[in-house]
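The values are calculated or read from the model by the stated rules, or taken from the named source; none is laboratory data. Since the structure is predicted, the reported quantities are computational estimates derived from the model, not experimental observations. Every residue, glycine among them, receives a Cβ derived from its backbone with ideal geometry; neighbour counts consider all protein chains shown.
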Amino acid sequence: MSLPLSHEISRREVVTAAAVGVAAAGLPPAVGGQAAGSSGSLPLSLTVNGEHRRLDLDTRVTLLDALREHLHLTGTKKGCDHGHCGACTVLVNGVRINACLSLAAMHDGDEVTTIEGFGRPDRLHPMQAAFIAHDAFQCGYCTPGQICSAVAVLAEIEAGVPSHATGDLAAPMTLSSGELRERMSGNICRCGAYSNIADAVVDVAGRP
Amino acid sequence: MQPFTYERAASLEAAVAAVAARPGARFIAGGTNLLDLMKFQIETPAHLVDIRHLPLRAIEDLPDGGLRIGALATNTEVAAHPRVKREYGVLARAIVAGATGQLRNKATTAGNLLQRNRCPYFYETSLPCNKRQPGSGCSALGGVTRSLAVVGTSPHCIAQNPGDMAVGLRVLDAAVETIRPDGSQRRIAIGDFHRLPGDRPEIEHPLEPGELVTAVTLPRPPGGTHHYHKVRDRASYAFAIVSVAVVLQKDGTGRVAFGGVAPRPWRVEDAEALLPDGPAAVVKTAFQGATPTVENAFKIPLAERALALALSEGRA
């Protein structure tokens with residue numbers, strides 16, 4: 001059976017693939033792409049909060065540990081380290097993800113925004129200011145992840161991404177209370193500041 | 001994590017060749033399940049081939065009116081696609097019933113299909129598990145079984161497939177397209193993609209070493225109303241105790257698949273033919289031969305109620 005596969009691959013990529021195929025004969029298999037050496041360390045570059053950063057990391061280092069332990073951006077927090085709690089939420093190329101469930105090596109060339117990139121104490125992002133105004137945290141440990149997630153949630157609604165709380169899939173998305181709670185369910189707050197977090201996000205969402 | 005080497009694949013051909021050439025090599029795309037399992041040392045690949053930059057992310061119309069979803073399209077991208085929302089609503093609903101916004105932004109279509117099971121004994125490395133250590137025994141049998149499968153199981157494994165997306169794909173008659181290391185391509189019906197455990201629970205799908213999923217295709221939209229109901233222990237971000245995907249036509253006929261109850265999305269065509277007779281008739285046939293435990297026998301009446309809810313919604 002002929003499957004519509006080849007049309008996705010440009011001519012340039014086919015040529016590259018053929019060249020790699022030739023080059024790979026008699027060489028270790030890893031030569032096909034950017035590869036880690038036997039030591040398991042890998043050079044990579046990231047743009048973090050607008051700044052170009054170069055790193056040389058063990059392949060096992062997660063994006064979260066690269067940010068905290070190697071770039072010393074400790075605003076992003078480690079909670080469960082398994083994608084359950086959302087404390088490590090950052091934006092990669094504008095999209096929120098769990099930094100704990102991603103290898104730093106996989107982000108070579110990516111743009112990462114952490115809580116430090118949203119605003120500074122003297123120049124807060126509106127979401128940061130709203131969290132303060134609504135007393136939307138107690139211990140504060142989940143707050144960087146909550147704020148990154150909240151900013152991304154508003155963009156996702158704008159982009160028409162549905163959620164489990166969405167009624168009519170075809171209608172324009174709005175930020176109801178049910179929508180907000182469902183969309184923020186990947187960010188756990190052990191102190192239970194949820195109602196104030198919801199107030200802060202609704203406040204920012206309601207602004208023109 | 002155990003040490004591993006890493007490469008970013010430069011082409012599709014290089015990716016499948018790299019995985020086929022090295023024992024212990026694995027593809028990685030979203031990584032949300034694989035890295036989690038690597039942290040527990042349940043998965044210990046010696047080499048990772050990162051395929052995220054391959055041109056397998058597009059979602060495009062097929063000439064026959066169907067839709068082709070690239071293997072690397074994220075869960076979010078699929079659920080937010082205008083045609084998926086409009087014409088394959090059961091798929092959009094199933095996807096957003098699973099995981100969180102952060103995970104759906106990273107998890108890919110193929111990775112979701114290939115996610116491992118969530119049996120607590122699979123995760124507990126100090127105990128035997130036939131999936132983790134073939135032949136070591138099943139700790140779930142005689143253990144805590146409330147979340148586990150009730151049908152399609154074997155004396156060697158009672159883990160359930162935890163997916164939501166796959167249940168939606170099952171009622172849409174999706175197919176999985178792959179490429180093998182020799183360059184040949186094949187198409188696997190979604191109903192044949194997840195294997196029942198039998199006496200080899202560690203073999204979960206028919207893919208060969210180095211074979212890569214390239215896309216999931218959907219036939220022309222089935223019409224009707226689309227429903228996905230998921231019953232779980234909390235309102236959001238939990239695996240299904242029972243879920244049901246339904247495509248219901250005006251004349252009362254339709255398609256039904258259940259999630260959270262079997263080692264694969266559980267669709268029995270003879271059972272869904274009984275839809276006009278009501279949910280009890282469908283569930284009775286769909287769960288014929290079920291071997292639930294005392295702890296999870298409740299899943300069968302719960303499946304009937306979830307189906308009844310979906311049907312009442314469809315008739316409203």
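The residues of the stretch A:94-118 that are on the phi > 0 side of the Ramachandran plot and in contact with a helix residue (DSSP H, G or I) (Cβ under 9 Å, 6 or more places away or on another chain) amount to a single one, A:Gly94. B:Ile59 passes every criterion in (1) free of Cβ contacts under 8 Å to residues at least 40 places away in the same chain; (2) within 17 Å of the chain's Cα centre (by Cα) apart from (2).
Of all residue pairs spaced 6 or more apart or on separate chains, none has beta-carbon atoms under 9 Å together with a first member in the stretch B:287-312 that is among the aromatic types (Phe, Trp, Tyr) and a second member that is modelled with pLDDT under 95.
Of the residues B:Asp270, B:Asp277, the single one that is more than 15 Å from B:Ala94 (Cα to Cα), at pLDDT 95 or above, in contact with a helix residue (DSSP H, G or I) (Cβ under 9 Å, 6 or more places away or on another chain) and more than 14 Å from chain A (Cβ to nearest Cβ) is B:Asp270. For the stretch B:56-141, the helices (runs of 4 or more DSSP H) that sit wholly inside it and include 2 or more residues that are in contact with a strand residue (DSSP E or B) (Cβ under 7 Å, 6 or more places away or on another chain) and surrounded by 24 or more Cβ atoms within 10 Å (Cβ to Cβ) are B:89-96, B:101-106, B:109-113. When A:Arg120, A:Arg181 are screened for being exposed (fewer than 13 other Cβ atoms within 10 Å of the Cβ) and among the charged types (D, E, K, R), only A:Arg120 passes.
Residues are listed down the side, and each one gets a yes or a no for (1) within 12 Å of chain A (Cβ to nearest Cβ); (2) at positive phi; (3) under 12 Å from the mean Cα position of the chain (by Cα):
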| position | (1), (2), (3) |
| --- | --- |
| B:Ala80 | yes, no, no |
| B:Val84 | yes, no, no |
| B:Ile95 | yes, no, yes |
| B:Gly98 | yes, no, yes |
| B:Gly101 | yes, no, no |
| B:Lys106 | yes, no, no |
| B:Leu113 | no, no, yes |
| B:Arg116 | no, no, yes |
| B:Pro120 | no, no, no |
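Reported count of residues in the stretch B:181-193, each being touching a Leu at 6+ places or on another chain (Cβ under 8 Å) and in contact (Cβ under 8 Å) with a residue 40 or more places away in the chain, is 2. Of everything in the stretch B:173-199 that is in contact with a helix residue (DSSP H, G or I) (Cβ under 6 Å, 6 or more places away or on another chain) and more than 12 Å from chain A (Cβ to nearest Cβ), the residue that is nearest to B:Arg26 (Cα to Cα) is B:Ile190. Restricted to the stretch A:60-84, and to residues there that are surrounded by 22 or more Cβ atoms within 10 Å (Cβ to Cβ) and facing another protein chain (nearest Cβ under 10 Å), the residue that is farthest from B:Asp50 (Cα to Cα) is A:Gly83.
Just one of the listed residues (A:Ala136, A:Ala150, A:Ala170) is assigned to a loop (DSSP other than H, G, I, E, B), surrounded by 23 or more Cβ atoms within 10 Å (Cβ to Cβ) and assigned by TED's automatic domain parsing to the domain that holds A:Ser185, namely A:Ala136.
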